[in-house]
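Enquirer: Just dropping this structure here.
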Amino acid sequence: MKKRPVIAVFVFAALLVPALFASCSGISGSDVNWFMGVVYQLSNGMWASLLLFGCTILFSMPLGLLVCFARRSRFKVIELITKFYISIMRGTPLMLQLLVVYFAPYYIFKISLSSEYRTYAAIIGFALNYAAYFAEIYRSGIEAVPKGHHEAAKVLGYSKSQTFIKIVFPQMVRHTLPPVTNEIITLVKDTSLAFAIAYIDMFKIAKELSAQQSNIMPLFVAGLFYYIFNFVVSFVMGKIEKRAKRYE
Amino acid sequence: MKKALAIILAVVMIITAVPMLLAGCGSESKKLVVGFDSEFPPYGYKDDNGEYTGFDLEVAEAVCKELGWELVKQPIDWNSKDMELNSGTIDCIWNGFTIQGREDDYTFSKPYVDNSQVVVVKKGSDIKSLGDLKGKVVAVQDDSSALEALTGEDATDANKKLCASFKELQKLADYNNALMNLDAGSVDAVCMDIGVASYNIKNNADKYTQLSDIISTEQYGIGFKKGNTELKDTVEGALDKVVESGKFTELAEKYELQDAVCLGK
């Protein structure tokens, strides 16, 4: 029972690879070599995509919690500023935000940019954008906790922070797991937007291979990579969701 | 809770501070950062080993060797090229960069390739000449010289008339995408640089063919930030030496561009 999802991954891969070959007119040794070559080159780019993905998750999820607190702040000014931040992040294209993060130091402060800054700019841009989305997801999770729980905690003598950590936070996590999974999956695919600031990710490499070979198949191989990656993400998140359900 | 908040804040501050520091330092040894479109064979593309190569990049390599500089090959998003150049993240655009129509925006080296804009159609298509493009859907790369030749301020009357006769002029992100559209039948013809057209026709001789009529002729140069004549002169001087040594012609032959280059003859 437990091994089934793992098996599913293999079955899927085993089914799709031949399907891919069948579409490029017959299977031969050179096709296998071609496929391995494309996979090898894409796997180099996958590290760049994974780095961006990992760092974005690492920074945007805690930052989102912070934004969420600010959004629910008693102080009107902080609440308004945060509302504005969220509306900008959600209301403008991520690609534009990346261009702003990368080029603003030069155009506003006249600081000359280094090429290494591309990676940082991509991570900062993604983290800021995703933090806004996560903040709203968290907020929905926190506000879904019934008022009675707060009152009960108060009666039991819990402090505000204790109430949050012991009562509200665990429920929030459980409520928000499905939309968080959604965001994470979107993020996997969004990483390809980073090429706007010349951050070379896997999809860019697929496009380059496609241009070099005058053949569109590398794009499909890249699609396979994304699919498998997201398959793993959904699988892991599904496991976590199951665990969280134990407390229900 | 306060502790956790403090840690989160600290992490956020560190991640924002690190790039600022990094942006400040760097550039100890002399580097030449060449910006190019890595989907533009044979001038700049990725080879089978995953390395960036192409005629322009190999010439740039030879130029840097001449100067004792280090060449940094930076693939860029073609639509962001001006921002990249102006902000100093790249030193020049060296990638089949057409001079005509852009003279006021960049400082150009002397031309090194005579290029023409040609029309690529599907093999066996009933389009045989420019006149047959009437009522057809034609694709160009966005912000390309083919687009400039058809719709730009300096476009000839004949080209303007030609463009007006199209059913539609579609601007696509890259040539490969345009050729995919051609395969799929959603566009009837693609206007592109002759070098790129020959590369793709060579790879897919059974699929594409090129009209003998050309839309325009133009020249390629190395584009520097407007006013950066110092770097332009240095690079041009080294390029002259590369041409004199015969290396330039050798590379042109390697990429089958010997008919197109206009230096070393």
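The values are calculated or read from the model by the stated rules, or taken from the named source; none is laboratory data. Owing to the predicted nature of the structure, the values given are computational and were not obtained by experimental measurement. Every residue, glycine among them, receives a Cβ derived from its backbone with ideal geometry; neighbour counts consider all protein chains shown.
Enquirer: What's the number of the condition B:Ile222 fails, among (1) more than 19 Å from B:Gly101 (Cα to Cα); (2) of a type in the set (Val, Ile, Thr); (3) not in a helix (DSSP H, G or I)?
Expert: Answer for B:Ile222: the failing condition is (1).
Enquirer: Has the stretch B:151-159 got at least one residue that is buried (at least 22 other Cβ atoms within 10 Å of the Cβ), away from chain A (no Cβ under 14 Å), in contact with a Cys (Cβ under 9 Å, 6 or more places away or on another chain) and β-branched (Val, Ile, Thr)?
Expert: Checking the stretch B:151-159: not a single residue is buried (at least 22 other Cβ atoms within 10 Å of the Cβ), away from chain A (no Cβ under 14 Å), in contact with a Cys (Cβ under 9 Å, 6 or more places away or on another chain) and β-branched (Val, Ile, Thr).
Enquirer: What residue, among those in the stretch A:196-230 that are at the interface with chain B (Cβ under 10 Å from one of its Cβ atoms) and touching a Pro at 6+ places or on another chain (Cβ under 7 Å), is nearest to A:Ser49 (Cα to Cα)?
Expert: Looking at the filtered set, the residue picked out is A:Ile200.
Enquirer: Which one of these does B:Ile127 not meet: (1) among the hydrophobic types (A, V, I, L, M, F, W, C); (2) within 16 Å of A:Ala211 (Cα to Cα); (3) in contact (Cβ under 8 Å) with a residue 12 or more places away in the chain; (4) surrounded by 17 or more Cβ atoms within 10 Å (Cβ to Cβ)?
Expert: Status for B:Ile127: all satisfied but (2).
Enquirer: Could you look through the stretch B:188-223, keep only residues that are surrounded by fewer than 23 Cβ atoms within 10 Å (Cβ to Cβ), β-branched (Val, Ile, Thr) and out of contact with any Phe, Trp or Tyr (no Cβ under 9 Å at 6 or more places or on another chain), and pick out the one that is nearest to the other protein chains (Cβ to nearest Cβ)?
Expert: Of everything passing the filter in the stretch B:188-223, B:Thr209 is nearest to the other protein chains (Cβ to nearest Cβ).
Enquirer: So, one more: Hey, among the residues in the stretch A:76-119 that are outside any helix (DSSP H, G or I) and within 12 Å of B:Ser87 (Cα to Cα), which one's farthest from the chain's Cα centre (by Cα)?
Expert: A:Lys110
Every residue, every condition in (1) at pLDDT below 90; (2) surrounded by fewer than 18 Cβ atoms within 10 Å (Cβ to Cβ), yes or no:
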position	(1), (2)
B:Thr16	yes, yes
B:Leu21	yes, yes
B:Val33	no, no
B:Gly50	yes, yes
B:Leu67	no, yes
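Enquirer: Taking the conditions exactly as written (buried (at least 21 other Cβ atoms within 10 Å of the Cβ) and under 19 Å from A:Ile240 (Cβ atoms)), does A:Val173 satisfy them or not?
Expert: Taking the combined requirement at face value, the residue does not satisfy it.
Enquirer: Further question on the same structure: Looking only at the stretch B:77-93, count how many residues are more than 13 Å from B:Lys225 (Cβ to Cβ) and in contact with a strand residue (DSSP E or B) (Cβ under 8 Å, 6 or more places away or on another chain).
Expert: 1
Enquirer: Working only within the stretch B:160-180, note down all residues that are more than 17 Å from B:Ser38 (Cα to Cα) and either more than 12 Å from every other protein chain (Cβ to nearest Cβ) or at pLDDT 90 or above (or both).
Expert: B:Lys160, B:Lys161, B:Leu162, B:Cys163, B:Ala164, B:Ser165, B:Phe166, B:Lys167, B:Glu168, B:Leu169, B:Gln170, B:Lys171
Enquirer: Let me ask something additional. Residues in the stretch B:205-214: is at least one modelled with pLDDT of 90 or more, within 29 Å of A:Ala196 (Cα to Cα) and not β-branched (Val, Ile, Thr)?
Expert: no
Enquirer: I'd like to check something: does the stretch A:158-170 contain any residue that is buried (at least 21 other Cβ atoms within 10 Å of the Cβ) and either within 14 Å of another protein chain (Cβ to nearest Cβ) or out of contact with any His (no Cβ under 7 Å at 6 or more places or on another chain) (or both)?
Expert: no
Enquirer: Another question, then. Looking at (1) among the β-branched types (Val, Ile, Thr); (2) surrounded by fewer than 18 Cβ atoms within 10 Å (Cβ to Cβ); (3) farther than 30 Å from B:Asp48 by Cα; (4) more than 14 Å from every other protein chain (Cβ to nearest Cβ), which is the one condition that is false for A:Ile184?
Expert: Of (1) among the β-branched types (Val, Ile, Thr); (2) surrounded by fewer than 18 Cβ atoms within 10 Å (Cβ to Cβ); (3) farther than 30 Å from B:Asp48 by Cα; (4) more than 14 Å from every other protein chain (Cβ to nearest Cβ), only one is false for A:Ile184: (2).
Enquirer: Moving on to the next point. Which condition does B:Ser145 not pass, out of (1) touching a residue at least 24 places away in the same chain (Cβ under 8 Å); (2) of a type outside the set (A, V, I, L, M, F, W, C); (3) surrounded by fewer than 17 Cβ atoms within 10 Å (Cβ to Cβ); (4) not assigned by TED's automatic domain parsing to the domain that holds B:Trp78, if it passes all the others?
Expert: (3)
Enquirer: Any residue at all in the stretch A:162-172 that is among the aromatic types (Phe, Trp, Tyr), assigned to a helix (DSSP H, G or I) and touching a residue at least 12 places away in the same chain (Cβ under 8 Å)?
Expert: no
Enquirer: Being over 30 Å from B:Lys81 (Cβ atoms), within 14 Å of another protein chain (Cβ to nearest Cβ), more than 15 Å from the chain's Cα centre (by Cα) and surrounded by fewer than 18 Cβ atoms within 10 Å (Cβ to Cβ) is the requirement here; does A:Lys242 meet it?
Expert: Spelling it out, it is not the case that A:Lys242 is over 30 Å from B:Lys81 (Cβ atoms), within 14 Å of another protein chain (Cβ to nearest Cβ), more than 15 Å from the chain's Cα centre (by Cα) and surrounded by fewer than 18 Cβ atoms within 10 Å (Cβ to Cβ).
Enquirer: Moving to a separate point now. Need at least 3 residues that are more than 22 Å from B:Ala197 (Cβ to Cβ) per element, so show me which helices (runs of 4 or more DSSP H) inside the stretch B:73-179 make the cut, counting only ones lying wholly within it.
Expert: The helices (runs of 4 or more DSSP H) meeting that bar are B:81-86, B:157-165.
Enquirer: Of the residues A:Val233, A:Val145, which single one is away from chain B (no Cβ under 14 Å), surrounded by fewer than 19 Cβ atoms within 10 Å (Cβ to Cβ), outside any helix (DSSP H, G or I) and touching a residue at least 12 places away in the same chain (Cβ under 8 Å)?
Expert: So the residue among A:Val233, A:Val145 that is away from chain B (no Cβ under 14 Å), surrounded by fewer than 19 Cβ atoms within 10 Å (Cβ to Cβ), outside any helix (DSSP H, G or I) and touching a residue at least 12 places away in the same chain (Cβ under 8 Å) is A:Val145.
Enquirer: While we're looking at this one, here's another question. Somewhere in the stretch A:120-129, is a residue in a helix (DSSP H, G or I), of a type outside the set (Val, Ile, Thr) and either more than 17 Å from A:Leu187 (Cβ to Cβ) or over 20 Å from the mean Cα position of the chain (by Cα) (or both)?
Expert: yes
Enquirer: Now for a different question. Among the residues of the stretch B:100-124, count how many are crowded, with 21+ Cβ neighbours inside 10 Å, within 27 Å of B:Val243 (Cβ to Cβ) and β-branched (Val, Ile, Thr).
Expert: Adding up the residues that qualify gives 2.
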